[in-house]
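Participant: One structure is given below, represented as structure tokens, and several questions about it will come after.
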Amino acid sequence: MAHRKFTVEVLTPEGEAFAGEVEMVSTRTTLGQIGILANHAPLLATLEPTELRLYTSESQILRFAQAEGYLQVGGNHAMLLVEEAVEPGSLDAAKLQARLEEAERELDAAGDDTEKRRVVERDKRRAQAFLQIAEAG
Amino acid sequence: MASQRDVRNRISAVKNIQTITRAMEMVAAARLRRAEQRIEALRPYADAIRRMTSQAAEAAAAGVPKLPILSEHAQVARVGLLLVAGDRGLAGAFNSQIVRAGVAAGRQHEAQGAAPVYFASGRRPAASLSFRGVELAASFTGFTDRPAYADARRIAERLMAAYVDDEVDRVEILYNGYVSPISQVVRRETLLPLQQASLLADAGDGAGGEQPAGTGGEQATGGRPRTRRATPDYEPSPEEILRRLVPDYVVISVFRALLESTASEHGARMTAMRNATDNAGTLIEDLTLQMNRARQAAITQEIMEVVAGAEGIG
């Protein structure tokens, strides 16, 4: 079953990670896992760290480890703004593990209901998601 | 007068230095090009964030929510100063002019009754400030050759936490703005509180001195398909999305400053090393002249001795 294609752009602060036509985009918003097909209703959403999958054809899937970001869909075009989009192969599991542990230590030290706590929690979620991708890949 | 051998040794030493400075100049030139490309690469992302913010703000019933980083503190007793410079020297006035401007800004705040709280990005400004006996609230080092977005986020989040948790009542950033490979200007911008006006301004130029940091300097890129027709769905609510988008402005501002500072650093180093190479060239010319003179003097001396000897015999 071939799907209709639509254009997708993945932008990071360091430049464009992907631009082209795909059949489906699979990622995770703050509310949960989401799959975007052609002619999706207009949407603006916040993205959470996860594995981003771009189905360029039935058999071809591009994978990225994606940090927090935003997703904008409309006019048969999807734009993903993410802080980072790296190939799963270039992730370093040991480094991520170390960062996760550091985040946990900092979390113990951070006072309740401070901005610092919120920051560290976000760091931890990200390290966790990336670590999962690194271990799965 | 120095002997021929002394002068020759000095010439070869200066030649070695010239080789090194020329190599450093070329390395800096290559890195400068990469740094320029990275400034360019940030632009589409920053523009897209801005468009998204406008869209979410239109949809939000109450406009942009009153976030802590947007609201001014009633009393300004402590001002955070973030000095952005490099990890390494040999770049002319690149590092020292930031430290000088930072200390001057601190004095200015003291005169107005607010205590400066210093933050530093780069080993050089951190070391200079410690040397002057200034205590640093935090320093961030090890990435000024090639700053990543994550570095900017770390710095921005530390500053926002300091602002929200009442450690400081205002935050200013000082960095070398990149104008061209041979020209850098010290920029001083207010980072926090974030100016609400800068969030929604679609175009605008931040090239001037005391602009709010959020206004960047970019224009909306045309050509992209406009993706607004029917009323979109929001996941979560527009207000929640804005709660995430607004702090990103601070991160982007810091990232832009880091990138510009890096480009400026490579530009400044390139110029400094080119001057050093030129100076070495001049020095070699002078020394060669001196060596020739010494050689000629020695020859003349020898001839006079031979002539005197011949006369003595004859």
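Participant: Give me the pairs, please: first residue somewhere in the stretch B:64-85 and in contact (Cβ under 8 Å) with a residue 60 or more places away in the chain, second residue anywhere and among the small types (G, A, S) and surrounded by fewer than 17 Cβ atoms within 10 Å (Cβ to Cβ), beta-carbon distance under 8 Å, and either six or more positions apart or on two chains.
Facilitator: B:A77/B:G113; B:A77/B:A115; B:R78/B:A115; B:V79/B:A115
Participant: Which pairs do you get when a residue that is facing another protein chain (nearest Cβ under 7 Å) and assigned to a helix (DSSP H, G or I), found in the stretch B:44-56, comes within reach of a residue that is surrounded by fewer than 20 Cβ atoms within 10 Å (Cβ to Cβ) and of a type in the set (D, E), reach meaning Cβ atoms under 8 angstrom, with the pair 6+ apart or on two chains?
Facilitator: Final answer for the pair search is B:P44/A:E16.
Participant: Identify all residues within the stretch B:102-125 that are of a type in the set (V, I, T) and surrounded by fewer than 21 Cβ atoms within 10 Å (Cβ to Cβ); write none if there are none.
Facilitator: If we filter the stretch B:102-125 for residues that are of a type in the set (V, I, T), which is where we start, we get B:103, B:117.
Listed by number, the list holds a single entry, B:V103.
Participant: Return a yes/no flag: does the stretch B:2-10 have any residue that is at negative phi and in contact with a Leu (Cβ under 6 Å, 6 or more places away or on another chain).
Facilitator: Here is the first cut: in the stretch B:2-10, the ones at negative phi are B:2-10.
In the following step, the residues that additionally are in contact with a Leu (Cβ under 6 Å, 6 or more places away or on another chain) were identified as B:7, B:10.
Among the residues of the stretch B:2-10, at least one is at negative phi and in contact with a Leu (Cβ under 6 Å, 6 or more places away or on another chain), which makes the answer yes.
Participant: Still on this model: Looking at the stretch B:57-88, which of the residues that are assigned to a strand (DSSP E or B) and among the β-branched types (V, I, T) is nearest to the other protein chains (Cβ to nearest Cβ)?
Facilitator: Selected residue: B:V84.
Participant: Does the stretch B:11-50 hold any residues that are touching a Phe, Trp or Tyr at 6+ places or on another chain (Cβ under 8 Å) and more than 20 Å from B:S180 (Cα to Cα), and which are they?
Facilitator: B:I49
Participant: Looking for something surrounded by fewer than 16 Cβ atoms within 10 Å (Cβ to Cβ) and polar (S, T, N, Q) - is there at least one such residue anywhere in the stretch B:55-62?
Facilitator: Taking the stretch B:55-62 first, the residues surrounded by fewer than 16 Cβ atoms within 10 Å (Cβ to Cβ) are B:58, B:61-62.
Add one more test, that the residue is polar (S, T, N, Q), and what stays is none.
For the stretch B:55-62, residues surrounded by fewer than 16 Cβ atoms within 10 Å (Cβ to Cβ) and polar (S, T, N, Q): absent.
Participant: Given the conditions (1) of a type outside the set (A, V, I, L, M, F, W, C); (2) under 25 Å from B:V179 (Cβ atoms); (3) surrounded by fewer than 20 Cβ atoms within 10 Å (Cβ to Cβ), which single one is not true for B:R8?
Facilitator: Single failed check for B:R8: (2).
Participant: Hey, another quick one. Give the residue, chosen from A:A103, A:A93, A:A67, A:A129, that is touching a residue at least 40 places away in the same chain (Cβ under 8 Å), crowded, with 17+ Cβ neighbours inside 10 Å and touching a helix residue (DSSP H, G or I) at 6+ places or on another chain (Cβ under 9 Å). Step through it out loud before you land on a result.
Facilitator: On the way: A:A103 fails: touching a residue at least 40 places away in the same chain (Cβ under 8 Å); A:A93 fails: crowded, with 17+ Cβ neighbours inside 10 Å; A:A129 fails: touching a helix residue (DSSP H, G or I) at 6+ places or on another chain (Cβ under 9 Å).
A:A67 is the lone residue from the list that is touching a residue at least 40 places away in the same chain (Cβ under 8 Å), crowded, with 17+ Cβ neighbours inside 10 Å and touching a helix residue (DSSP H, G or I) at 6+ places or on another chain (Cβ under 9 Å).
Participant: Further question on the same structure: Exactly one of these conditions fails for A:R122: (1) over 23 Å from B:V251 (Cα atoms); (2) surrounded by 15 or more Cβ atoms within 10 Å (Cβ to Cβ); (3) at pLDDT below 90; (4) under 17 Å from the mean Cα position of the chain (by Cα). Give me its number.
Facilitator: Going through (1) over 23 Å from B:V251 (Cα atoms); (2) surrounded by 15 or more Cβ atoms within 10 Å (Cβ to Cβ); (3) at pLDDT below 90; (4) under 17 Å from the mean Cα position of the chain (by Cα) one by one, A:R122 breaks only (1).
Per-residue answers, yes or no, for (1) more than 8 Å from chain A (Cβ to nearest Cβ); (2) under 20 Å from the mean Cα position of the chain (by Cα); (3) not in a loop (DSSP other than H, G, I, E, B):
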position	(1), (2), (3)
B:L129	yes, yes, yes
B:V134	yes, no, no
B:G142	yes, yes, no
B:R153	no, yes, yes
B:A156	yes, yes, yes
B:V168	yes, no, no
B:E172	yes, yes, yes
B:Y175	yes, yes, yes
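Participant: Restricting the search to the stretch B:173-223, which residues are closer than 21 Å to B:A114 by Cα, modelled with pLDDT of 50 or more and surrounded by fewer than 22 Cβ atoms within 10 Å (Cβ to Cβ)?
Facilitator: Answer for the stretch B:173-223, where residues must be closer than 21 Å to B:A114 by Cα, modelled with pLDDT of 50 or more and surrounded by fewer than 22 Cβ atoms within 10 Å (Cβ to Cβ): B:R188, B:T190, B:P193, B:Q195.
Participant: Output the number of residues of the stretch A:28-64 satisfying the condition of being within 13 Å of chain B (Cβ to nearest Cβ), farther than 17 Å from A:T7 by Cβ and assigned to a strand (DSSP E or B).
Facilitator: Of the stretch A:28-64, the ones within 13 Å of chain B (Cβ to nearest Cβ) are A:28-34, A:36, A:39-49.
Among the residues that remain, those that are also farther than 17 Å from A:T7 by Cβ are: A:28-34, A:44-49.
From what is left, the residues that are assigned to a strand (DSSP E or B) are A:28-29, A:32-34, A:44-47.
Qualifying residue count for the region: 9.
Participant: Turning to a different aspect of this structure: Name every residue in the stretch A:66-97 that is more than 8 Å from chain B (Cβ to nearest Cβ), of a type in the set (A, V, I, L, M, F, W, C) and either over 13 Å from A:P13 (Cα atoms) or not in a strand (DSSP E or B) (or both), in order of residue number. Give the derivation first.
Facilitator: Taking the stretch A:66-97 first, the residues more than 8 Å from chain B (Cβ to nearest Cβ) are A:66-67, A:69, A:71, A:76, A:78, A:80, A:82, A:85-97.
Among the residues that remain, those that are also of a type in the set (A, V, I, L, M, F, W, C) are: A:67, A:71, A:78, A:80, A:82, A:85-86, A:91, A:93-94, A:96.
Correct list: A:A67, A:L71, A:A78, A:L91, A:A93, A:A94, A:L96.
Participant: Going residue by residue through the stretch A:16-24, is there one that turns out to be surrounded by 15 or more Cβ atoms within 10 Å (Cβ to Cβ) and under 29 Å from B:P147 (Cα atoms)?
Facilitator: Yes, because at least one residue in the stretch A:16-24 is surrounded by 15 or more Cβ atoms within 10 Å (Cβ to Cβ) and under 29 Å from B:P147 (Cα atoms).
The values are calculated or read from the model by the stated rules, or taken from the named source; none is laboratory data. This one's a predicted model, so the numbers in the text were calculated from it and none came from an experiment. FYI the Cβ positions are ideal-geometry reconstructions off the backbone, even for glycines, and counts take in every protein chain you see.
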